[in-house]
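Remarks on the structure that follows.
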Amino acid sequence: MTRYRRALGGLLVVVAMAGGAACARGGGTPAWQNAAHPAAHPATTPYATTPYATTPYATADQAAAGSPSADHTRLRALLHRLTTQDGAPGALVALGAGSGGTVLTDGLADVRSGTAMRGDGRFRIGSMTKPFVATVLLQLVGEGRVVLDAPVERYLPGVVRGHGNDGRHITVRQILQHTSGIPDYLDHIEPKDVLDHPLTHYDGRALVQLALAYPPDFAPGTGWSYSNTGYVLAGMIIERVTGHSYGDEIRRRIIEPWGLRQTSVPHDDDSAVPGRHPRGYAREAEGGPLKDITALNPSVAGASGSMISSGADFNRFLGALLGGQLLRPAQLHQMMTTRPTGSADGGAYGLGLESHPLPCGGLAWGHDGGVPGYQTVGVATVDGRQATAMVNLYLGGTDAQSADMTSAVQTALCESHPSSPPPAHR
(Lines give C-alpha, C1' and ligand atoms only; values in the text may rest on other atoms or scores of the structure.)
Protein backbone atom coordinates (compact mmCIF):
# COMPACT_ATOMS: atom_id res chain seq x y z
CA MET A 1 0.00 0.00 0.00
CA THR A 2 1.24 3.43 -0.64
CA ARG A 3 -0.29 6.83 -0.46
CA TYR A 4 0.86 9.99 1.28
CA ARG A 5 -0.46 13.40 2.15
CA ARG A 6 1.46 15.73 4.41
CA ALA A 7 -1.28 16.17 7.02
CA LEU A 8 -3.19 12.94 6.73
CA GLY A 9 -2.96 10.57 3.83
CA GLY A 10 -1.81 7.20 2.58
CA LEU A 11 -1.32 3.90 4.22
CA LEU A 12 1.62 3.00 2.05
CA VAL A 13 3.98 5.48 0.45
CA VAL A 14 6.24 5.99 -2.56
CA VAL A 15 8.88 8.72 -2.18
CA ALA A 16 10.69 10.40 -5.08
CA MET A 17 14.38 9.57 -4.94
CA ALA A 18 16.23 12.28 -6.81
CA GLY A 19 17.34 15.76 -5.89
CA GLY A 20 16.63 15.04 -2.23
CA ALA A 21 13.02 16.13 -2.41
CA ALA A 22 9.69 14.43 -2.76
CA CYS A 23 7.75 15.20 -5.91
CA ALA A 24 4.87 17.56 -5.27
CA ARG A 25 1.33 16.46 -6.01
CA GLY A 26 -1.54 18.35 -7.46
CA GLY A 27 -4.19 19.48 -5.05
CA GLY A 28 -6.83 17.28 -6.65
CA THR A 29 -5.05 14.00 -5.95
CA PRO A 30 -6.90 11.78 -3.46
CA ALA A 31 -5.69 11.52 0.12
CA TRP A 32 -4.03 8.13 -0.20
CA GLN A 33 -2.09 8.89 -3.39
CA ASN A 34 1.64 8.26 -3.66
CA ALA A 35 3.94 11.16 -2.99
CA ALA A 36 6.06 10.32 -5.98
CA HIS A 37 3.43 9.22 -8.42
CA PRO A 38 0.82 11.44 -10.01
CA ALA A 39 -2.63 9.95 -10.23
CA ALA A 40 -2.49 9.00 -13.91
CA HIS A 41 -0.52 9.62 -17.05
CA PRO A 42 -1.71 9.58 -20.64
CA ALA A 43 -1.28 6.88 -23.21
CA THR A 44 1.38 8.91 -24.99
CA THR A 45 3.88 8.04 -22.25
CA PRO A 46 6.33 5.56 -23.82
CA TYR A 47 6.36 2.05 -22.42
CA ALA A 48 9.48 0.09 -21.46
CA THR A 49 11.94 2.43 -23.08
CA THR A 50 14.91 1.41 -20.92
CA PRO A 51 15.36 -2.24 -19.98
CA TYR A 52 17.69 -2.71 -17.02
CA ALA A 53 20.39 -4.43 -19.06
CA THR A 54 21.23 -1.19 -20.87
CA THR A 55 20.94 1.14 -17.88
CA PRO A 56 24.29 2.58 -16.67
CA TYR A 57 25.14 2.55 -13.00
CA ALA A 58 27.78 4.15 -10.85
CA THR A 59 31.07 2.38 -10.33
CA ALA A 60 32.49 1.91 -6.84
CA ASP A 61 34.85 4.86 -7.32
CA GLN A 62 32.03 7.09 -8.57
CA ALA A 63 29.85 6.11 -5.64
CA ALA A 64 32.55 6.80 -3.09
CA ALA A 65 33.62 10.09 -4.65
CA GLY A 66 32.81 13.02 -2.41
CA SER A 67 32.12 10.84 0.63
CA PRO A 68 32.25 13.31 3.54
CA SER A 69 33.98 10.97 5.97
CA ALA A 70 34.15 7.37 7.08
CA ASP A 71 31.81 8.10 9.99
CA HIS A 72 28.85 9.07 7.75
CA THR A 73 28.74 12.69 8.89
CA ARG A 74 26.17 13.79 6.31
CA LEU A 75 24.00 10.76 6.93
CA ARG A 76 24.01 11.27 10.68
CA ALA A 77 23.06 14.91 10.18
CA LEU A 78 20.09 13.88 8.03
CA LEU A 79 18.93 11.37 10.64
CA HIS A 80 19.12 14.03 13.34
CA ARG A 81 17.16 16.47 11.19
CA LEU A 82 14.44 13.83 10.76
CA THR A 83 14.01 13.56 14.54
CA THR A 84 14.26 17.29 15.30
CA GLN A 85 13.19 19.72 12.58
CA ASP A 86 11.06 17.16 10.72
CA GLY A 87 9.25 15.96 13.85
CA ALA A 88 9.66 12.17 13.69
CA PRO A 89 10.24 10.45 17.05
CA GLY A 90 13.01 8.19 15.72
CA ALA A 91 14.85 7.25 12.56
CA LEU A 92 17.30 4.71 11.22
CA VAL A 93 19.16 3.90 8.04
CA ALA A 94 20.69 0.50 7.36
CA LEU A 95 23.61 0.25 4.94
CA GLY A 96 24.44 -3.10 3.37
CA ALA A 97 23.43 -6.46 4.76
CA GLY A 98 24.78 -9.24 6.91
CA SER A 99 27.97 -8.97 8.96
CA GLY A 100 29.29 -6.19 6.73
CA GLY A 101 26.28 -3.96 7.24
CA THR A 102 25.91 -0.87 9.39
CA VAL A 103 22.80 0.67 10.95
CA LEU A 104 22.75 4.30 12.07
CA THR A 105 19.99 5.55 14.40
CA ASP A 106 18.72 8.72 15.99
CA GLY A 107 15.85 9.65 18.30
CA LEU A 108 13.37 7.50 20.17
CA ALA A 109 11.79 4.12 19.65
CA ASP A 110 9.26 4.82 22.42
CA VAL A 111 8.32 8.38 23.40
CA ARG A 112 6.62 7.29 26.63
CA SER A 113 9.59 5.40 28.06
CA GLY A 114 12.27 7.46 26.35
CA THR A 115 13.86 4.33 24.87
CA ALA A 116 16.37 5.15 22.16
CA MET A 117 15.96 3.85 18.61
CA ARG A 118 17.91 0.65 18.01
CA GLY A 119 19.22 -0.65 14.73
CA ASP A 120 18.04 -4.25 15.09
CA GLY A 121 14.30 -3.68 15.46
CA ARG A 122 11.48 -4.73 13.15
CA PHE A 123 8.89 -2.44 11.62
CA ARG A 124 6.01 -2.49 9.16
CA ILE A 125 7.29 -1.91 5.62
CA GLY A 126 4.05 -0.98 3.84
CA SER A 127 4.39 -1.02 0.07
CA MET A 128 7.88 -2.46 0.28
CA THR A 129 5.79 -5.65 0.39
CA LYS A 130 5.14 -5.25 -3.34
CA PRO A 131 8.59 -6.41 -4.53
CA PHE A 132 8.13 -9.62 -2.50
CA VAL A 133 4.71 -10.28 -4.04
CA ALA A 134 5.95 -9.47 -7.54
CA THR A 135 8.98 -11.75 -7.05
CA VAL A 136 6.77 -14.72 -6.13
CA LEU A 137 4.45 -14.09 -9.06
CA LEU A 138 7.43 -13.84 -11.43
CA GLN A 139 8.84 -17.07 -10.02
CA LEU A 140 5.53 -18.67 -11.00
CA VAL A 141 5.95 -17.15 -14.47
CA GLY A 142 9.40 -18.75 -14.69
CA GLU A 143 7.89 -22.09 -13.68
CA GLY A 144 5.32 -21.83 -16.47
CA ARG A 145 2.40 -21.60 -14.05
CA VAL A 146 1.48 -17.97 -14.80
CA VAL A 147 1.67 -16.06 -18.09
CA LEU A 148 2.46 -12.35 -17.70
CA ASP A 149 0.40 -11.22 -20.66
CA ALA A 150 -2.54 -13.52 -19.95
CA PRO A 151 -5.75 -11.86 -18.78
CA VAL A 152 -6.44 -11.72 -15.05
CA GLU A 153 -9.70 -13.49 -15.89
CA ARG A 154 -7.75 -16.71 -16.59
CA TYR A 155 -6.72 -16.94 -12.93
CA LEU A 156 -9.58 -15.09 -11.23
CA PRO A 157 -12.67 -15.79 -13.33
CA GLY A 158 -15.44 -13.29 -12.77
CA VAL A 159 -13.59 -11.38 -10.04
CA VAL A 160 -12.69 -8.20 -11.94
CA ARG A 161 -16.02 -7.01 -13.30
CA GLY A 162 -18.07 -3.89 -12.83
CA HIS A 163 -18.42 -0.27 -13.92
CA GLY A 164 -16.21 -0.78 -16.95
CA ASN A 165 -13.52 -2.78 -15.16
CA ASP A 166 -13.06 -6.13 -16.92
CA GLY A 167 -10.47 -8.78 -16.06
CA ARG A 168 -10.83 -10.24 -19.55
CA HIS A 169 -8.99 -7.19 -20.90
CA ILE A 170 -6.48 -6.63 -18.07
CA THR A 171 -3.23 -8.61 -17.94
CA VAL A 172 -1.14 -9.86 -15.04
CA ARG A 173 1.67 -7.58 -16.19
CA GLN A 174 -0.62 -4.57 -16.02
CA ILE A 175 -1.68 -5.15 -12.42
CA LEU A 176 1.98 -5.49 -11.40
CA GLN A 177 2.99 -2.32 -13.25
CA HIS A 178 0.00 -0.14 -12.29
CA THR A 179 -1.12 0.17 -15.91
CA SER A 180 -4.41 -1.72 -15.48
CA GLY A 181 -6.56 1.35 -14.88
CA ILE A 182 -8.25 -0.42 -11.92
CA PRO A 183 -9.13 2.17 -9.25
CA ASP A 184 -7.26 2.16 -5.96
CA TYR A 185 -9.45 1.01 -3.08
CA LEU A 186 -7.58 3.34 -0.73
CA ASP A 187 -9.16 6.27 -2.50
CA HIS A 188 -12.40 5.15 -0.87
CA ILE A 189 -11.26 4.46 2.70
CA GLU A 190 -10.92 7.40 5.05
CA PRO A 191 -7.51 7.40 6.75
CA LYS A 192 -9.12 8.67 9.96
CA ASP A 193 -11.29 5.56 10.09
CA VAL A 194 -8.16 3.40 10.12
CA LEU A 195 -6.49 5.53 12.79
CA ASP A 196 -9.61 5.49 14.98
CA HIS A 197 -10.27 1.76 14.49
CA PRO A 198 -6.87 0.17 13.80
CA LEU A 199 -7.95 -3.39 14.69
CA THR A 200 -10.77 -3.56 12.15
CA HIS A 201 -10.58 -6.55 9.80
CA TYR A 202 -10.84 -5.94 6.05
CA ASP A 203 -11.68 -8.74 3.63
CA GLY A 204 -9.45 -8.70 0.54
CA ARG A 205 -12.25 -9.60 -1.85
CA ALA A 206 -14.37 -6.81 -0.36
CA LEU A 207 -11.53 -4.31 -0.89
CA VAL A 208 -11.39 -5.30 -4.56
CA GLN A 209 -15.15 -4.90 -4.88
CA LEU A 210 -14.91 -1.49 -3.23
CA ALA A 211 -12.52 -0.37 -5.98
CA LEU A 212 -14.60 -1.94 -8.75
CA ALA A 213 -17.62 0.10 -7.72
CA TYR A 214 -15.95 2.95 -9.61
CA PRO A 215 -15.04 3.28 -13.30
CA PRO A 216 -11.46 2.61 -14.40
CA ASP A 217 -8.97 5.45 -14.39
CA PHE A 218 -8.17 4.68 -18.05
CA ALA A 219 -8.36 1.83 -20.54
CA PRO A 220 -5.92 -0.99 -19.67
CA GLY A 221 -2.41 -0.29 -20.87
CA THR A 222 -3.04 3.31 -21.90
CA GLY A 223 -1.84 5.11 -18.77
CA TRP A 224 -0.16 4.76 -15.39
CA SER A 225 -1.78 5.16 -11.98
CA TYR A 226 -0.66 3.58 -8.73
CA SER A 227 -3.25 1.08 -7.54
CA ASN A 228 -2.97 -1.01 -4.41
CA THR A 229 -5.97 -2.97 -5.70
CA GLY A 230 -3.73 -4.57 -8.34
CA TYR A 231 -1.51 -6.09 -5.67
CA VAL A 232 -4.45 -7.44 -3.69
CA LEU A 233 -5.38 -9.17 -6.95
CA ALA A 234 -1.79 -10.38 -7.39
CA GLY A 235 -2.00 -12.01 -3.96
CA MET A 236 -5.25 -13.67 -4.99
CA ILE A 237 -3.63 -15.02 -8.17
CA ILE A 238 -0.77 -16.53 -6.15
CA GLU A 239 -3.31 -18.27 -3.91
CA ARG A 240 -5.38 -19.52 -6.86
CA VAL A 241 -2.34 -20.92 -8.70
CA THR A 242 -0.47 -22.46 -5.75
CA GLY A 243 -3.26 -23.34 -3.35
CA HIS A 244 -1.43 -21.37 -0.65
CA SER A 245 -1.73 -17.78 0.54
CA TYR A 246 0.66 -15.17 -0.80
CA GLY A 247 2.16 -15.00 2.69
CA ASP A 248 2.85 -18.73 2.80
CA GLU A 249 4.52 -18.57 -0.61
CA ILE A 250 6.68 -15.58 0.40
CA ARG A 251 7.77 -17.47 3.52
CA ARG A 252 8.52 -20.68 1.61
CA ARG A 253 10.24 -19.11 -1.39
CA ILE A 254 12.06 -16.09 0.08
CA ILE A 255 12.00 -15.65 3.85
CA GLU A 256 13.05 -19.14 4.94
CA PRO A 257 15.63 -19.96 2.22
CA TRP A 258 17.34 -16.62 2.67
CA GLY A 259 17.30 -16.61 6.47
CA LEU A 260 15.32 -13.38 6.78
CA ARG A 261 14.69 -13.94 10.48
CA GLN A 262 13.24 -10.49 11.12
CA THR A 263 10.84 -10.61 8.16
CA SER A 264 7.28 -11.89 8.37
CA VAL A 265 3.92 -11.79 6.67
CA PRO A 266 1.40 -11.39 9.49
CA HIS A 267 -1.94 -13.14 9.39
CA ASP A 268 -5.01 -10.97 8.92
CA ASP A 269 -5.88 -10.94 12.62
CA ASP A 270 -2.31 -10.54 13.91
CA SER A 271 -2.04 -6.91 15.03
CA ALA A 272 1.31 -7.08 16.83
CA VAL A 273 4.82 -6.40 15.57
CA PRO A 274 6.84 -9.40 16.82
CA GLY A 275 10.20 -9.19 18.56
CA ARG A 276 12.06 -6.00 19.40
CA HIS A 277 10.55 -3.04 17.57
CA PRO A 278 10.07 0.71 17.79
CA ARG A 279 6.59 1.96 18.56
CA GLY A 280 4.77 3.34 15.53
CA TYR A 281 3.07 6.75 15.67
CA ALA A 282 0.70 8.88 13.62
CA ARG A 283 -0.63 12.43 13.76
CA GLU A 284 -4.13 13.33 12.66
CA ALA A 285 -2.86 16.77 11.67
CA GLU A 286 0.57 18.18 11.07
CA GLY A 287 1.99 19.35 14.39
CA GLY A 288 -0.73 17.54 16.34
CA PRO A 289 -0.14 15.08 19.19
CA LEU A 290 1.36 11.67 18.50
CA LYS A 291 -0.95 8.69 18.52
CA ASP A 292 0.50 5.24 19.17
CA ILE A 293 -0.69 3.09 16.25
CA THR A 294 1.75 0.18 16.69
CA ALA A 295 -1.09 -2.36 16.96
CA LEU A 296 -2.75 -2.59 13.55
CA ASN A 297 -4.77 -5.23 11.75
CA PRO A 298 -2.70 -5.68 8.57
CA SER A 299 -5.69 -6.78 6.49
CA VAL A 300 -6.26 -3.17 5.46
CA ALA A 301 -3.05 -3.55 3.45
CA GLY A 302 -3.01 -7.25 2.54
CA ALA A 303 -0.75 -8.19 -0.37
CA SER A 304 -0.27 -4.50 -1.18
CA GLY A 305 1.55 -3.72 2.06
CA SER A 306 1.18 -5.95 5.12
CA MET A 307 4.73 -7.18 5.71
CA ILE A 308 7.14 -6.61 8.61
CA SER A 309 10.92 -6.57 8.23
CA SER A 310 14.13 -4.85 9.34
CA GLY A 311 16.63 -2.68 7.52
CA ALA A 312 19.25 -5.43 7.28
CA ASP A 313 16.72 -8.02 6.09
CA PHE A 314 15.25 -5.80 3.40
CA ASN A 315 18.73 -4.93 2.18
CA ARG A 316 19.57 -8.63 1.99
CA PHE A 317 16.40 -9.28 -0.01
CA LEU A 318 17.14 -6.47 -2.48
CA GLY A 319 20.73 -7.61 -2.85
CA ALA A 320 19.63 -11.14 -3.69
CA LEU A 321 16.93 -9.89 -6.06
CA LEU A 322 19.13 -7.51 -8.04
CA GLY A 323 21.95 -10.05 -7.93
CA GLY A 324 19.85 -12.49 -9.93
CA GLN A 325 19.47 -15.02 -7.13
CA LEU A 326 15.69 -14.94 -6.74
CA LEU A 327 14.53 -14.80 -10.36
CA ARG A 328 15.62 -16.34 -13.62
CA PRO A 329 17.27 -13.84 -16.00
CA ALA A 330 14.20 -13.52 -18.22
CA GLN A 331 11.91 -12.70 -15.31
CA LEU A 332 14.39 -10.31 -13.69
CA HIS A 333 14.63 -8.53 -17.03
CA GLN A 334 10.83 -8.22 -17.11
CA MET A 335 10.77 -6.92 -13.56
CA MET A 336 13.38 -4.25 -14.32
CA THR A 337 11.92 -3.18 -17.65
CA THR A 338 10.26 0.07 -16.68
CA ARG A 339 7.89 2.72 -17.90
CA PRO A 340 7.99 6.37 -16.80
CA THR A 341 5.57 7.39 -14.06
CA GLY A 342 5.65 11.10 -14.81
CA SER A 343 7.49 12.01 -11.61
CA ALA A 344 9.69 15.09 -11.84
CA ASP A 345 12.86 13.17 -11.00
CA GLY A 346 12.59 10.70 -13.88
CA GLY A 347 11.29 7.82 -11.81
CA ALA A 348 10.08 4.71 -13.59
CA TYR A 349 8.18 1.60 -12.54
CA GLY A 350 8.79 -2.00 -13.52
CA LEU A 351 6.95 -4.97 -12.02
CA GLY A 352 6.87 -4.27 -8.29
CA LEU A 353 10.19 -2.45 -8.51
CA GLU A 354 10.83 1.20 -9.25
CA SER A 355 13.94 3.11 -10.30
CA HIS A 356 15.10 6.66 -9.67
CA PRO A 357 18.27 8.42 -10.86
CA LEU A 358 20.96 8.94 -8.22
CA PRO A 359 22.73 12.31 -7.91
CA CYS A 360 26.09 10.47 -8.13
CA GLY A 361 25.06 8.71 -11.33
CA GLY A 362 23.20 5.53 -12.11
CA LEU A 363 19.94 4.25 -10.69
CA ALA A 364 18.54 3.33 -7.31
CA TRP A 365 16.19 0.34 -7.53
CA GLY A 366 13.67 -0.48 -4.83
CA HIS A 367 10.42 0.65 -3.32
CA ASP A 368 9.09 2.63 -0.41
CA GLY A 369 6.21 2.26 1.93
CA GLY A 370 3.98 4.02 4.39
CA VAL A 371 1.60 2.22 6.70
CA PRO A 372 0.17 3.71 9.91
CA GLY A 373 3.08 3.97 12.32
CA TYR A 374 6.02 3.71 9.92
CA GLN A 375 7.39 5.33 6.76
CA THR A 376 10.11 3.44 4.90
CA VAL A 377 12.22 3.38 1.77
CA GLY A 378 14.60 0.66 0.61
CA VAL A 379 16.87 0.95 -2.43
CA ALA A 380 19.86 -0.78 -3.97
CA THR A 381 22.17 -0.63 -6.98
CA VAL A 382 23.01 -3.45 -9.34
CA ASP A 383 26.65 -3.29 -8.22
CA GLY A 384 25.80 -4.34 -4.69
CA ARG A 385 24.99 -1.27 -2.57
CA GLN A 386 21.84 -1.25 -0.42
CA ALA A 387 20.21 1.24 1.94
CA THR A 388 16.93 1.15 3.85
CA ALA A 389 15.56 4.03 5.94
CA MET A 390 12.69 4.12 8.43
CA VAL A 391 10.99 6.71 10.62
CA ASN A 392 8.36 5.70 13.18
CA LEU A 393 5.86 8.38 12.14
CA TYR A 394 3.16 7.91 9.51
CA LEU A 395 0.54 9.35 8.85
CA GLY A 396 0.92 13.06 9.59
CA GLY A 397 4.58 13.57 8.78
CA THR A 398 5.80 16.62 6.89
CA ASP A 399 6.97 16.98 3.32
CA ALA A 400 10.42 17.61 4.79
CA GLN A 401 10.32 14.17 6.41
CA SER A 402 9.81 12.50 3.03
CA ALA A 403 12.49 14.66 1.39
CA ASP A 404 15.05 13.91 4.08
CA MET A 405 14.36 10.16 3.94
CA THR A 406 14.99 10.39 0.21
CA SER A 407 18.22 12.28 0.81
CA ALA A 408 19.29 9.73 3.43
CA VAL A 409 19.10 6.71 1.13
CA GLN A 410 20.68 8.68 -1.73
CA THR A 411 23.53 9.72 0.52
CA ALA A 412 23.97 6.19 1.82
CA LEU A 413 24.24 4.73 -1.68
CA CYS A 414 26.43 7.50 -3.08
CA GLU A 415 29.00 7.37 -0.28
CA SER A 416 29.22 3.57 -0.05
CA HIS A 417 31.50 1.09 -1.72
CA PRO A 418 29.70 -1.96 -3.12
CA SER A 419 29.07 -4.51 -0.40
CA SER A 420 29.91 -8.15 -0.75
CA PRO A 421 27.44 -10.04 -2.92
CA PRO A 422 24.85 -12.09 -1.04
CA PRO A 423 25.76 -15.73 -0.48
CA ALA A 424 24.57 -18.36 -2.90
CA HIS A 425 21.01 -19.61 -2.48
CA ARG A 426 20.98 -22.39 0.07
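The values are calculated or read from the model by the stated rules, or taken from the named source; none is laboratory data. None of these values were measured; they are calculated from a predicted model. So basically every Cβ, Gly included, is an ideal-geometry build from the backbone, and we count neighbours across all protein chains shown. When the accessible area is computed, the model is the full protein with side chains, heavy atoms only, and any ligands, DNA or RNA have been set aside. Shrake-Rupley method; radii C 1.70, N 1.55, O 1.52, S 1.80 Å.
Observations on the model:
- Of all accessible heavy-atom area on the stretch 269-417, the percent that carbon and sulfur account for (1.4 Å): 54
- Positive minus negative residues near residue 291 (Lys, Arg vs Asp, Glu; Cβ under 9 Å): -1
- Extension gain from residue 77 to residue 193, taking 0.36 nm per residue of separation minus the Cα-Cα distance: 38.2 nm
- Computed on the Cα atoms alone, the convex hull of the stretch 263-421 gives a volume of 130 cubic angstrom per residue.
- For the stretch 270-417, the relative contact order works out to 24 percent when only alpha carbon pairs closer than 8 Å and six or more residues apart are counted.
- Packing-based order for 301-311, 192-202, 172-182, using average beta carbon neighbours within 10 Å, highest first: 301-311, 172-182, 192-202
- For the stretch 215-322, dividing the convex hull volume of the Cα atoms by the residue count gives 177 Å³ per residue.
- If a spin label sat at a point 7 angstrom from the Cα of residue 84 along the line to its beta carbon, the backbone N atoms of the stretch 94-120 nearer than 17 Å would be those of 105-108, 117.
- Per-residue extension of 0.36 nm, minus the Cα-Cα distance of residue 328 and residue 271, leaves a gain of 17.0 nm for this segment.
- Measuring nothing but alpha carbons in the stretch 173-278 and taking Rh as the Kirkwood radius, the Rg to Rh ratio lands at 1.01.
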